[in-house]
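The values are calculated or read from the model by the stated rules, or taken from the named source; none is laboratory data. On a predicted model such as this, the values are computed, not experimentally measured, just so you know. Cβ atoms come from the backbone with ideal geometry, glycine included; neighbour counts cover every protein chain shown. Surface areas here come from the heavy atoms of the whole protein model, side chains and all, with no ligands, DNA or RNA. Shrake-Rupley method; radii C 1.70, N 1.55, O 1.52, S 1.80 Å.
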Amino acid sequence: MTQMMTAPPRGTAACEGDGAAVRAGGAAQALVGSAQAAGELGLTRGEFARAVQLGIVRAGPPAAAGGAARFARTEIERVRAAATGPPDALRRQVETVAGAQAAAEVLGVGPSRFTRLARCGHLTPIGYRINRYRAVVWLYLAAELREFAEREPGMLRGTASAEDRELLSAKGDLRPRTWRGRHVGLLLRRTADPWARAAVLACPLPEDELREAVPDPAERIVLAALAPPPPYGHPQVPAAAAVAEGLLRAGPPDEVHWYRTRLESALTGARRQSKSTGERGPT
């Protein structure tokens, strides 16, 4: 199974110019917008967004609160230098395939077997699309599928395990849950700020659970202000967006409990920071 953060139980905007700069180590570094950074790395906008999501490319500070992310030229140079191997090595790291048919072809199995492996949590989506029929189309990293095929050849043939058969007979599907765990884990890796981390952990909770976990309205305002934007590719059309919103919220009670307990722990640290430093968040 694809590795994520300590997981729940199984079950860009317009390009900005080069004139901006940020100081690092006492020296000013030029910053560029995402479109220019993607072009310099030879990636499409979608590929670049995936590289940022995966932590391959680290964003610098935005021009203003809530503004588009910018990227230091030193970071672009670092990524370019790290992409050893064939010329398309970086692109291969972020290559995705959409849907069971395309993903099954990468694994060398039939679509039904691939769907079973994914539904049972052995393969974790990296993203999603909502098609015109309002159905969820899951996206997978092609590199991870190839790695899985090499690592687990036995799972590409033969019968399903008893645990998998039980989950399938109950019409279970772990794809939304495993995707949420991965998405939250990747967001947490991109920030060390206690309040921002709490905001990430608050996002998957249903509204009633969030109100119980965070009874202080002032704290909920802070968490809402720091909430990460929807994932790249999140639909704008209301009907499709409503389907996608359901993917962002934890469902099973044990999953909800998992996020709630970690949110409460994160808030303890965030409140402690506010009291000691007077920085972000209510005291």
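Summary of computed values
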item: Rounded to whole Hz, the Karplus (6.51, -1.76, 1.60) HN-Hα couplings of the stretch 99-109, x for glycine and proline; result: x, 5, 4, 5, 5, 5, 5, 5, 6, x, 10
item: In Hz, Karplus ³J(HN,Hα) per residue of the stretch 211-225 (6.51, -1.76, 1.60; θ = phi - 60°; x = Gly, Pro); result: 5, 6, 6, 10, x, 6, x, 5, 5, 5, 5, 4, 5, 5, 5
item: Per residue value of the accessible surface for the stretch 162-283 (all protein chains in place, 1.4 Å probe), Å²; result: 52 Å²
item: Per residue, the convex hull volume that the Cα atoms of the stretch 150-206 enclose (Å³); result: 115 Å³
item: Efficiency of FRET from Cβ geometry, ALA227 and ARG151, R₀ 30 Å, rounded to 0.05; result: 0.25
item: Shape parameters for the stretch 162-283, alpha-carbon atoms, Rg then Dmax in Å; result: 16.0, 54
item: Distance from the stretch 131-147 to the stretch 222-272 (C-alpha centre basis), Å; result: 21 Å
item: Karplus-derived 3J(HN,Hα), 6.51/-1.76/1.60, for each residue of the stretch 123-131, Hz, glycine and proline x; result: 10, 10, x, 9, x, 8, 9, 10, 7
item: Distant-in-sequence amide H partners of ILE130 (H built 1.01 Å from N, under 5 Å); result: VAL137
item: Most to least packed among 248-258, 163-173 [average Cβ atoms within 10 Å]; result: 248-258, 163-173
item: FRET efficiency, 1/(1 + (r/R0)^6) with R0 30 Å, evaluated for LEU188 and ALA143 via beta carbons; result: 0.85
item: Sulfur and carbon atoms: percent of accessible area, the stretch 147-247 [1.4 Å]; result: 57 percent
